[in-house]
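Q: Here's a structure for you.
The values are calculated or read from the model by the stated rules, or taken from the named source; none is laboratory data. All values reported here derive from a predicted model rather than from experimental measurement. Positions of Cβ are generated from backbone atoms using ideal geometry, with glycine treated the same way; all protein chains shown enter the neighbour counts.
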Amino acid sequence: MWSGPRNVSTALMRSWGNRPDTAVVDEPFYAYYLLATNAPHPGREEVLRHHETDWRRVIRFLTGPVPGDKRIFYQKHMTHHMLPEIDRSWFRAVRHAFLIRDPREVLLSLHRKTPNPPLEATGFPQQAEIFQQVCSLAEQPPPVIDARELLLDPRRILSELCHRLGVPFVEQMLRWPPGRRPTDGVWAKYWYERVEQSTGFEPYRPREGQLPRSLREVYRECMRCYERLRAHAIGA
């Protein structure tokens, strides 16, 4: 599942992780991204100590046996973590899906954590690039879900997503126990407070606020990428 930051990606990971037949992994390229970019993220040194920093080993893990002998391996990826030097030939070994969100809502949320984020930190251009690459590998575009549509009607969107991925929808995807998971990255303490309190998808509420002038050009570029994928979104 390819997503950008400040989406509902962790809640969606909770949804899949609550399936009895599914193993999940949380942003497996994050440690390498921090090592390669030296980005000053919260808990950076702790992430580097506890998570794999060799992208080659990460790929071997992602394309190897499914943890716990499960049938499905749900991989939560941030698109901006896929730096150019990472070999993408492993894309052929997995099924792909994309989670998108209105750039205005992403930027308002991201701006609170990282004031005036650059375009690259939003994940939108990387998501559009990865989507195009995945499309070139398959006869049909991969499934795309919009965070707004997912929150408005989780059952409908998840049912259609499962159908397109060739797996059965199960009721456990709609509700989950609160709290942290052993599969969460060590960065959970900095980013996952709300999702740790959740027991299901929260109802959709438009994010209030106005984008600062400094983000208007970034917003326009993000919208171009978002609209490209939005055209393929389930329920759009």
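Q: Note down all Cβ pairs under 9 Å where the first residue falls in region 71-89 and is touching a residue at least 40 places away in the same chain (Cβ under 8 Å) and of a type in the set (Phe, Trp, Tyr), the second is assigned to a strand (DSSP E or B) and surrounded by 13 or more Cβ atoms within 10 Å (Cβ to Cβ), and they're at least six residues apart or on different chains.
A: Listed pairs, sorted by first residue: PHE73/THR22; PHE73/ALA23; PHE73/VAL24; PHE73/VAL25; TYR74/THR22; TYR74/ALA23; TYR74/VAL24; TYR74/VAL25.
Q: If you go through region 120-137 one residue at a time, how many are in contact with an Asp or Glu (Cβ under 8 Å, 6 or more places away or on another chain) and either among the aromatic types (Phe, Trp, Tyr) or surrounded by fewer than 17 Cβ atoms within 10 Å (Cβ to Cβ) (or both)? Walk me through it before giving the result.
A: Our first condition is that a residue be in contact with an Asp or Glu (Cβ under 8 Å, 6 or more places away or on another chain); within region 120-137, this holds for 124-126.
With either among the aromatic types (Phe, Trp, Tyr) or surrounded by fewer than 17 Cβ atoms within 10 Å (Cβ to Cβ) (or both) added as a condition, the list becomes 124.
Residues that pass the stated criteria total 1.
Q: Turning to a different aspect of this structure: Going by the conditions given, is CYS225 free of Cβ contacts under 8 Å to residues at least 60 places away in the same chain, of a type in the set (A, V, I, L, M, F, W, C) and either touching a Gly at 6+ places or on another chain (Cβ under 7 Å) or in a helix (DSSP H, G or I) (or both)? So that I can check it myself, show each step before the final result.
A: Numbers: free of Cβ contacts under 8 Å to residues at least 60 places away in the same chain: no; of a type in the set (A, V, I, L, M, F, W, C): yes; either touching a Gly at 6+ places or on another chain (Cβ under 7 Å) or in a helix (DSSP H, G or I) (or both): yes.
For CYS225, the condition - free of Cβ contacts under 8 Å to residues at least 60 places away in the same chain, of a type in the set (A, V, I, L, M, F, W, C) and either touching a Gly at 6+ places or on another chain (Cβ under 7 Å) or in a helix (DSSP H, G or I) (or both) - is not met.
Q: May I pose another question? Restricting to region 210-222, and then to whatever is part of a helix (DSSP H, G or I) and not aliphatic (A, V, I, L, M), can you tell me which residue is nearest to GLY123 (Cα to Cα)?
A: Narrowing region 210-222 to residues part of a helix (DSSP H, G or I): 213-222.
Going one step further and asking which of them are not aliphatic (A, V, I, L, M), we end up with 213-214, 216-217, 219-222.
Numbers: ARG213: 20, SER214: 18, ARG216: 16, GLU217: 15, TYR219: 12, ARG220: 14, GLU221: 11, CYS222: 9 Å.
Among those residues, the one meeting the criterion is CYS222.
Q: State all residues of region 69-90 that are loosely packed, with under 11 Cβ neighbours inside 10 Å and not polar (S, T, N, Q); if no residue qualifies, say none.
A: Within region 69-90, ASP69, PRO84, GLU85, ASP87 qualify.
Q: Give me the pairs, please: first residue somewhere in region 129-154 and at negative phi and in a helix (DSSP H, G or I), second residue anywhere and at pLDDT 95 or above and among the small types (Gly, Ala, Ser), beta-carbon distance under 8 Å, and either six or more positions apart or on two chains.
A: GLU149/ALA233; PRO154/SER15; PRO154/GLY200
Q: Another one. Spot the failing condition for ASP184; the list is (1) in contact (Cβ under 8 Å) with a residue 40 or more places away in the chain; (2) not in a loop (DSSP other than H, G, I, E, B), and only one is missed.
A: (2)
Q: Taking the residues in region 168-190 that are buried (at least 17 other Cβ atoms within 10 Å of the Cβ) and in contact with a strand residue (DSSP E or B) (Cβ under 6 Å, 6 or more places away or on another chain) as candidates, determine which candidate is nearest to TYR32 (Cα to Cα).
A: GLY185
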